[in-house]
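First the structure, in the form of structure tokens, and then the observations on it.
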């Protein structure tokens, strides 16, 4: 019998989080949901303690790249969370609000999907990354472009 694989979903919007978690659960994944850093200081546990207890038991992370702290420009940014998740060596799916952000990362452990994610694309990307993660390979080093460039409503023209 195959062990159920698990996903940490970091998404501030409750409705979106519920929808994405439902898709992943329907596909057979165990989903742990986190709203990301919240008021009053918008700092996450990882920034306070150096590690996040939610990421340890999961196989993959899905991270919205626009969280509450980004909107308020304080606390732990989604970029800092991304760095933390990359450092764990687990694959990460970054949901980008910037249509031009599809190629911000040079690590094979990070795949960027445009937000809002489509069901088929999200589930298939999780499946591919988890299958690939089962294969032994050297750990990749990622370099990322800083994320805080303004709100998603201030996107560059297409």
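Considering only residues that are closer than 18 Å to residue 7 by Cα and either part of a helix (DSSP H, G or I) or in contact with a helix residue (DSSP H, G or I) (Cβ under 9 Å, 6 or more places away or on another chain) (or both), look in the range 127-140 and name the one that is modelled with the lowest pLDDT. Ranking the qualifying residues of the range 127-140, first place goes to 133.
Just one of (1) farther than 19 Å from residue 113 by Cα; (2) free of Cβ contacts under 8 Å to residues at least 40 places away in the same chain fails for residue 31. It is (1).
Of all residues in the range 1-25, those satisfying the criterion of being within 20 Å of residue 91 (Cβ to Cβ) and in contact (Cβ under 8 Å) with a residue 24 or more places away in the chain are 4, 5, 6, 7, 8, 9, 10, 11, 20, 23, 24.
Filtering the range 41-76 to residues that are surrounded by 20 or more Cβ atoms within 10 Å (Cβ to Cβ) and either modelled with pLDDT under 90 or farther than 23 Å from residue 108 by Cβ (or both) leaves 42, 44, 46, 52, 66, 67, 69, 70, 75, 76. Any chance the range 43-55 includes a residue that's part of a loop (DSSP other than H, G, I, E, B), over 19 Å from residue 88 (Cα atoms) and under 16 Å from the mean Cα position of the chain (by Cα)? Scanning the range 43-55 turns up no residue that is part of a loop (DSSP other than H, G, I, E, B), over 19 Å from residue 88 (Cα atoms) and under 16 Å from the mean Cα position of the chain (by Cα). Here 8, 81, 20, 32 are screened, and the one residue that is at pLDDT 95 or above, assigned to a helix (DSSP H, G or I) and closer than 24 Å to residue 108 by Cα is 20. Of the set (1) surrounded by fewer than 15 Cβ atoms within 10 Å (Cβ to Cβ); (2) at pLDDT 95 or above; (3) under 16 Å from the mean Cα position of the chain (by Cα); (4) in a loop (DSSP other than H, G, I, E, B), all apply to residue 124 but (4).
Taking the range 95-114 as the range and being touching a helix residue (DSSP H, G or I) at 6+ places or on another chain (Cβ under 8 Å) and modelled with pLDDT of 85 or more as the test, the residues that pass are 96, 97, 110, 111, 112, 113, 114.
State all residues of the range 108-120 that are farther than 20 Å from residue 4 by Cα and not in a strand (DSSP E or B); if no residue qualifies, say none. Outline the logic, then answer.
Let us first name the residues in the range 108-120 that are farther than 20 Å from residue 4 by Cα, namely 108-118.
Correct list: 108, 109, 115, 116, 117, 118.
Could you tell me which of the residues 11, 4 is more than 16 Å from the chain's Cα centre (by Cα) and within 20 Å of residue 125 (Cβ to Cβ)?
Values: 11 fails: more than 16 Å from the chain's Cα centre (by Cα).
Unique residue meeting the criteria: 4.
The values are calculated or read from the model by the stated rules, or taken from the named source; none is laboratory data. Just so we're clear, the structure is a prediction, and the values are computed from it rather than from any experiment. Glycine also receives a Cβ, built like all others from the backbone with ideal geometry; neighbour counts cover every protein chain displayed.
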